[in-house]
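Scroll down for the structure; my scribbles are underneath it.
The values are calculated or read from the model by the stated rules, or taken from the named source; none is laboratory data. Everything numeric here is computed off the predicted structure, so don't read it as measured data. Reconstructed Cβ throughout: ideal geometry from the backbone, glycine too, with neighbour counts over all protein chains shown. With ligands, DNA and RNA removed, areas are computed over all heavy atoms of the protein, side chains included. Shrake-Rupley method; radii C 1.70, N 1.55, O 1.52, S 1.80 Å.
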Amino acid sequence: MTALYETTIDNLNVKLFKTRLELGQNAAEMTAAKIRDLLQNQEVVNIIFAAAPSQNEFLDALAQQPEIDWQRVNAFHMDEYIGLSDDAPQRFGHFLKDRFFDKVPLRAVFYINGNVSDPDAECLRYGALLNEFPTDIVCMGIGENCHIAFNDPHVAFFNDPVLVKKVGLDLTSRWQQVHDGCFASLEQVPEYALTLTIPALVKAPTVFCMVPAAHKAEAIYHTLVDEISEVYPSTILRKHPDATLFIDRDSARQWTNEASFASK
């Protein structure tokens with residue numbers, strides 16, 4: 001499947017597709033190829049996944065990719081709400097279980113528990129797992145405020161000293177959950193979460209970032225055009241040695257170069 005347009009901004013590979021379906025399919029094919037390649041040279045592959053509707057097409061397509069020995073793949077997720085009931089469908093662990101983890105025979109799935117009595121201890125536990133099973137691939141998105149995982153601008157640190165931490169969510173992040181249809185109102189969205197930090201994400205040798213839809217257009221603009229800084233956390237991807245950003249025409253609409261390929 002051919003992209004409408006491809007370029008490199010700093011180190012970041014950018015691939016534009018007509019539709020989010022094509023975006024998801026291409027991202028899945030590239031991710032699957034990377035998994036197969038890694039499995040030729042190592043016993044186990046460790047992957048971190050994002051949980052959001054923006055990942056739906058990608059996750060659906062990845063689950064259908066052929067010739068992957070999923071029993072040699074460990075799965076992690078990158079954030080979890082604090083305070084939702086254990087059976088709440090909005091929990092990110094439940095989302096990924098339904099959308100992907102239950103669809104392929106993974107070696108192991110490591111869940112973040114947002115309802116433990118001691119969040120700090122849970123952060124240490126999950127950080128230890130990340131050290132025990134070093135990440136090979138991160139499959140992620142970008143939030144409306146350019147967050148990656150739940151590293152909103154006010155808590156985003158490129159040199160964060162920890163791998164997992166408790167954070168307060170800003171209003172943009174909470175409203176995004178309403179815009180995505182995950183919650184009926186802002187009042188239902190939790191105010192706190194546990195998240196992998198920026199260093200925990202970008203130290204992975206390979207990053208695939210899938211960002212479709214018009215409500216992400218401003219975030220894509222900032223990611224690709226503005227100065228690399230914690231004001232726009234996703235700009236850190238432009239420093240990564242092997243990161244690919246997949247966008248569609250809707251999410252690319254505010255990007256400076258859009259006019260040059262909009263008619264293609």
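Go through the stretch 127-136 and count every residue that is surrounded by 18 or more Cβ atoms within 10 Å (Cβ to Cβ) and not hydrophobic (A, V, I, L, M, F, W, C).
Residues that pass the stated criteria total 2.
What's the total number of residues in the stretch 152-176 that are crowded, with 16+ Cβ neighbours inside 10 Å and either closer than 15 Å to ILE82 by Cα or among the charged types (D, E, K, R) (or both)?
Qualifying residue count for the region: 10.
Report, ordered by the first and then the second residue, all pairs with beta carbons closer than 9 Å, sequence separation of six or more or different chains, a first member in the stretch 166-194 that is farther than 16 Å from HIS147 by Cβ, and a second member that is open to solvent by 90 Å² or more (accessible area, probe 1.4 Å) and in a helix (DSSP H, G or I).
Here the result reads LEU186/LEU171; LEU186/TRP175, each pair linking the stretch 166-194 to a residue that is open to solvent by 90 Å² or more (accessible area, probe 1.4 Å) and in a helix (DSSP H, G or I).
Consider SER117 carefully, then state whether it is polar (S, T, N, Q) and either assigned to a helix (DSSP H, G or I) or in contact with a strand residue (DSSP E or B) (Cβ under 6 Å, 6 or more places away or on another chain) (or both). Write out each step before concluding.
Numbers: polar (S, T, N, Q): yes; either assigned to a helix (DSSP H, G or I) or in contact with a strand residue (DSSP E or B) (Cβ under 6 Å, 6 or more places away or on another chain) (or both): no.
So SER117 does not fit the description; no.
Going by the structure shown, is LEU124 open to solvent by less than 40 Å² (accessible area, probe 1.4 Å) and out of contact with any Gly (no Cβ under 7 Å at 6 or more places or on another chain)?
Values: open to solvent by less than 40 Å² (accessible area, probe 1.4 Å): no; out of contact with any Gly (no Cβ under 7 Å at 6 or more places or on another chain): yes.
Answer is no for this residue.
Can you pull out every residue in the stretch 208-240 that is open to solvent by 40 Å² or more (accessible area, probe 1.4 Å), touching a residue at least 60 places away in the same chain (Cβ under 8 Å) and either under 27 Å from ASP60 (Cα atoms) or among the small types (Gly, Ala, Ser) (or both)? Explain how you work it out, then say what you get.
Within the stretch 208-240, the subset open to solvent by 40 Å² or more (accessible area, probe 1.4 Å) is 214-215, 218, 221, 225-228, 230-232, 239.
Cutting the leftovers down to touching a residue at least 60 places away in the same chain (Cβ under 8 Å) gives us 215, 218, 228, 230-232, 239.
Selection gives HIS215, GLU218.
Which numbered condition in (1) free of Cβ contacts under 8 Å to residues at least 40 places away in the same chain; (2) aromatic (Phe, Trp, Tyr); (3) open to solvent by less than 10 Å² (accessible area, probe 1.4 Å) is the only one that PHE246 fails?
Condition not satisfied by PHE246: (1).
Read through the list (1) at pLDDT 95 or above; (2) touching a Lys or Arg at 6+ places or on another chain (Cβ under 9 Å); (3) closer than 24 Å to ILE9 by Cα, then give the number of the only condition that GLU258 fails.
Failing condition for GLU258: (1).
Is it the case that some residue within the stretch 137-151 is out of contact with any strand residue (DSSP E or B) (no Cβ under 7 Å at 6 or more places or on another chain), within 15 Å of LEU196 (Cβ to Cβ) and crowded, with 18+ Cβ neighbours inside 10 Å?
Looking only at the stretch 137-151, we keep the residues that are out of contact with any strand residue (DSSP E or B) (no Cβ under 7 Å at 6 or more places or on another chain), and these are 143-145, 147.
Still in the running and within 15 Å of LEU196 (Cβ to Cβ): 143, 147.
After this cut, where a residue has to be crowded, with 18+ Cβ neighbours inside 10 Å as well, the list is 143, 147.
Scanning the stretch 137-151 turns up at least one residue that is out of contact with any strand residue (DSSP E or B) (no Cβ under 7 Å at 6 or more places or on another chain), within 15 Å of LEU196 (Cβ to Cβ) and crowded, with 18+ Cβ neighbours inside 10 Å.
Based on what the data block shows, is VAL167 assigned to a strand (DSSP E or B), β-branched (Val, Ile, Thr) and in contact with a helix residue (DSSP H, G or I) (Cβ under 8 Å, 6 or more places away or on another chain)? Give the derivation first.
Working: assigned to a strand (DSSP E or B): yes; β-branched (Val, Ile, Thr): yes; in contact with a helix residue (DSSP H, G or I) (Cβ under 8 Å, 6 or more places away or on another chain): yes.
Yes: the conditions hold for VAL167.
Tally time: how many residues in the stretch 177-207 are within 15 Å of the chain's Cα centre (by Cα), open to solvent by 10 Å² or more (accessible area, probe 1.4 Å) and of a type outside the set (D, E, K, R)?
Here the count works out to 4.
Residue check, CYS146 against (1) part of a strand (DSSP E or B); (2) under 26 Å from ASP248 (Cα atoms); (3) touching a helix residue (DSSP H, G or I) at 6+ places or on another chain (Cβ under 6 Å); (4) not charged (D, E, K, R), all met but one. Which one?
If we test CYS146 against (1) part of a strand (DSSP E or B); (2) under 26 Å from ASP248 (Cα atoms); (3) touching a helix residue (DSSP H, G or I) at 6+ places or on another chain (Cβ under 6 Å); (4) not charged (D, E, K, R), just (1) comes out false.
How many residues are touching a helix residue (DSSP H, G or I) at 6+ places or on another chain (Cβ under 8 Å) and surrounded by 15 or more Cβ atoms within 10 Å (Cβ to Cβ) if we restrict to the stretch 100-112?
The initial filter retains those residues of the stretch 100-112 that are touching a helix residue (DSSP H, G or I) at 6+ places or on another chain (Cβ under 8 Å), namely 100, 103-107, 109-112.
Filter once more, keeping what is surrounded by 15 or more Cβ atoms within 10 Å (Cβ to Cβ): 100, 103-104, 106-107, 109-112.
Total meeting the criteria: 9.
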